[in-house]
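Some notes on the structure that comes next.
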2 protein chains.
Amino acid sequence: MPENRKAILLFSGGLDSSTVLAIAKSEGYDVYAISFRYGQRHRVELEAAARIAAQMGVARHITMTIDLRTFGGSALTGDISVPKGRSQEAMNTGIPITYVPARNTIFLSFALAWAEVQEAGDLFLGVNAVDYSGYPDCRPQYIAAYEKMANLATKAAVEGHRPIRIHTPLIHLTKTEIIRKGLELGVDYSLTCSCYDPAPDGAPCHACDACLLRQKGFEEAGVADPLLERFNHSQG
Amino acid sequence: MPENRKAILLFSGGLDSSTVLAIAKSEGYDVYAISFRYGQRHRVELEAAARIAAQMGVARHITMTIDLRTFGGSALTGDISVPKGRSQEAMNTGIPITYVPARNTIFLSFALAWAEVQEAGDLFLGVNAVDYSGYPDCRPQYIAAYEKMANLATKAAVEGHRPIRIHTPLIHLTKTEIIRKGLELGVDYSLTCSCYDPAPDGAPCHACDACLLRQKGFEEAGVADPLLERFNHSQG
C-alpha cells in the first residue's frame, strides 16, 4: 500500500463496479468514485451509484455529464433497440450493439485527470474479459496499453512520481466468481443496477444480455438475486 | 491517401489547430472538426472555431460540452490567475499552471469515439513540443503511446481494419515555421484566437504566454499579425 491511499474508481452503480469498490476498500484505499451521465438509456443506474456510494462509504463521488449521443453508434445511447433473449453463444460472438465506441477510453481519461489533480496513483475499473469477450476495451492488452500511455500523459509522469497503476480485479473472473467475491465482502447487491433497458422505476427487463448474465451468475452461485426480491416485494 | 478520406481534427480555433486544418485539407482529407466547451476561461475561442470552420470548409464541426472545472488544477479552468509577462526562459521551465490535467488525453478520446463511428482512420492535432517543452501530453512519446492504445481500443482494432494514425504535423515546428506554413496554405489568421485571457470581445491580453509566443512568431516571420489589425481597426 503506497503512502497516498487515494484510488479513482470508474463507478456505474452496477454489480461489477460495486464489487470493485468493495475490493478497493478491502485493500485499504480511499475511494474517489466517478460516474458518468453520458446519455445512457439506463440512466437510473446513476441513482443506484449514489445509493451504493453512500452505503459503502467513499471519500467522494462525482458524476460527470458528457453526451455520447452526439456520436451514436450504440444501442445504449441511440435509437437502436437493446437485443433481448440472446443465447450465451450469441453473446460471445462478435461485438454487441450495446458496445459504446471508445467509452472506456473516455471514462479512463476523465479518471486520469481526476487522479492527476488528486495525486492519486491508482485507478480501478470493473472490466471483464470473460463475458463479452469481443469488447475491445475490456481486454488485458488494451488496459496495459492505456496504463503505458497514462504514464506518459501527466505531470506526475514528467516529474518522476510513482507510476500510475490500473487495477482490473475482475478481468479474468466469471460473473459467478464476481458475485461470490462481492458477497464475501458484504456488497448489498439489492442496491445495484445491471439492466440495459430498465423500466422507469429501475425494474430490470430480465431479457437483455446484462440481465441474463446477472441471472446466470446468481443461479450458478446458488443464491437468490436480492434485486429481484426488492422488486417482487415492491410489486406485492 | 486511403480510400476513406475522413479525418478527425481536434480544433480549438487557435493558430495551431487552424494551421493543421489547412494541412489536412491540403493532403486531401475531409475534415471532421471537434471543439470542446470545457469550462475554459477563453471560451471566446469557440466563436473563432465556428468562423474558421465555416470559412475554410469542413465536412462537419461539432462542439462537445464537458466541464473540466470539476477537477480544477489549472489556470485555464479555475480561479488561478493566468501568468502574464513571462520570459521565454520561464515559459520553458517546468509545467506551466495553464496546463490542464489530462486534457489532450480526454480530447483525443472523444476524437477516437467519433472516428470509430465515422470509420475515420486518421486523427489530427496541433500539439507542439518546441514551445512549452514541459507539457507532458504534447511529447512525441506520449502521442506514440496514445496511438498504440487507440489501436487496441476500438471495434476496428478487433475487426482488423486499417490502423488508426495520429498526425501531429506541427510537433517539431517553431511558431514562426507554423505561421509561414499556414500563410502558404492561405490561413486567415485574423480569424484565429490564441489568448488565454481575452477580453469579452475576444481582444487578446498581449501578456499571457500564448499572446507572447504568437507575437514572437509573427515578428520572426516578418509579417504583421492580422488579428491585431482587426482589433486596432475595430477600436479606431
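The values are calculated or read from the model by the stated rules, or taken from the named source; none is laboratory data. This structure is a prediction, so every number in the text was calculated from the model and none was measured. Don't worry about glycine lacking a Cβ; one is built from the backbone with ideal geometry, like all the others, and counts go over all protein chains shown.
Observations, loosely collected:
- Residue B:145 facing chain A (nearest Cβ under 10 Å), surrounded by fewer than 24 Cβ atoms within 10 Å (Cβ to Cβ) and at pLDDT 95 or above: yes
- So residue A:83, is it closer than 22 Å to residue B:150 by Cβ, at pLDDT below 95 and in contact with a helix residue (DSSP H, G or I) (Cβ under 9 Å, 6 or more places away or on another chain): no
- Residues (within 15 Å of the chain's Cα centre (by Cα), within 26 Å of residue A:139 (Cα to Cα) and charged (D, E, K, R)) located in the stretch B:124-179: B:137
- Filter pass, residue B:186 being surrounded by 20 or more Cβ atoms within 10 Å (Cβ to Cβ), of a type outside the set (Ser, Thr, Tyr) and more than 30 Å from residue A:138 (Cβ to Cβ): no
- Flag set for residue B:129, criterion: within 14 Å of another protein chain (Cβ to nearest Cβ), over 20 Å from residue B:49 (Cα atoms) and in contact with a Cys (Cβ under 9 Å, 6 or more places away or on another chain).
- Only a single criterion out of (1) in contact (Cβ under 8 Å) with a residue 24 or more places away in the chain; (2) away from chain B (no Cβ under 14 Å) is not satisfied by residue A:69, namely (2).
- The set of residues in the stretch A:1-49 being modelled with pLDDT of 95 or more, β-branched (Val, Ile, Thr) and closer than 19 Å to residue A:213 by Cβ consists of A:19, A:20.
- Scope the stretch A:74-107; condition under 17 Å from the mean Cα position of the chain (by Cα) and more than 11 Å from chain B (Cβ to nearest Cβ); matching residues: A:76, A:98
- Residues being closer than 16 Å to residue A:17 by Cα and either in a helix (DSSP H, G or I) or in contact with a strand residue (DSSP E or B) (Cβ under 8 Å, 6 or more places away or on another chain) (or both) - total across the stretch A:114-142: 7
- Helices (runs of 4 or more DSSP H) wholly inside the stretch B:15-109 that include at least 2 residues being crowded, with 20+ Cβ neighbours inside 10 Å and either touching a Leu at 6+ places or on another chain (Cβ under 8 Å) or acidic (Asp, Glu) (or both): B:15-26, B:45-56
- Flag if residue B:110 is touching a strand residue (DSSP E or B) at 6+ places or on another chain (Cβ under 7 Å), of a type in the set (A, V, I, L, M, F, W, C) and at the interface with chain A (Cβ under 8 Å from one of its Cβ atoms): yes
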